[in-house]
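J.: A single structure is presented below for examination.
None of the figures in this text is laboratory data; all of them are computed from the coordinates on show. Note that this is a predicted model, so its numbers are computed, not measured. Quick reminder, even Gly has a Cβ in these numbers, built from the backbone with ideal geometry, and neighbours come from all protein chains shown.
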Amino acid sequence: MQVVMQIILAGGNAKNFAMQAITAAKNGDFTLAQQQMDNADKSLVEAHNVQTNMLTKEAQGQHTPVDLYMVHAQDHLMTAITFKDLANEVVAVYQRLATES
């Protein structure tokens, strides 16, 4: 359960940082937007490290039971990754609009 919660927490943090980056870009604060995107990346690395550790154990024969919590954690992580990628594009659009004004 601890591993599942680490993935959910890191994924949630990443998504939250990405949303804050969009808000900062919308307000014209591109330095803050970049900082928040960096924070999102760090959170995703944390989640990825937990996931990699699980995969390594699996490869070594230490099977992790897959239950609804694990499925939820993986879904949460994939959603956060997608949201961060989209946030990157939204921030870039706000930057472009700011330079063209």
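J.: On a 0 to 90 degree scale, rounded to 10, what angle separates helix 30-59 from the longest Cα axis of the chain?
T.: 10 degrees
J.: So what is the 222 nm mean residue ellipticity for the chain from helices alone, if each DSSP H run of at least 4 adds -39500 (n - 2.57) and you divide by all residues, rounding to the nearest 500 deg cm²/dmol?
T.: Result for the chain, helices only: -31500 deg cm²/dmol.
J.: Ok, one more. Only four residue types carry charge here, +1 at the Cβ of Lys and Arg and -1 at the Cβ of Asp and Glu. Report the dipole size of the chain about the Cα centre in Debye, rounded to the nearest 20.
T.: Dipole magnitude for the chain comes out near 80 debye.
J.: Treat each spin label as a single point 7 Å out from the Cα along the C-beta direction, and report the N53 to V90 distance in nm.
T.: Computed distance between label sites N53 and V90 equals 3.1 nm.
J.: Can you tell me the orientation of helix 2-26 relative to the chain, as the angle in degrees between its alpha-carbon axis and the longest Cα principal axis, to the nearest 10?
T.: It works out to around 10 degrees.
J.: Could you give each residue of region 64-81 its phi-based ³J(HN,Hα) in whole Hz, using Karplus coefficients 6.51, -1.76, 1.60 with θ = phi - 60°, and x for Gly or Pro?
T.: Once θ is set to phi - 60°, the couplings for region 64-81 become 9, x, 9, 10, 4, 5, 5, 4, 4, 4, 5, 5, 4, 5, 5, 5, 5, 4 Hz.
J.: Going by Cα centres, region 19-56 and region 63-101 are how many Å apart?
T.: Between the Cα centre of region 19-56 and that of region 63-101, the gap is 9 Å.
J.: Determine which residues of region 19-46 fall in the zone a paramagnetic label at S101 would reach in this model, i.e. backbone nitrogen under 11 Å from the point 7 Å along Cα→Cβ.
T.: Answer for this model: 26-29.
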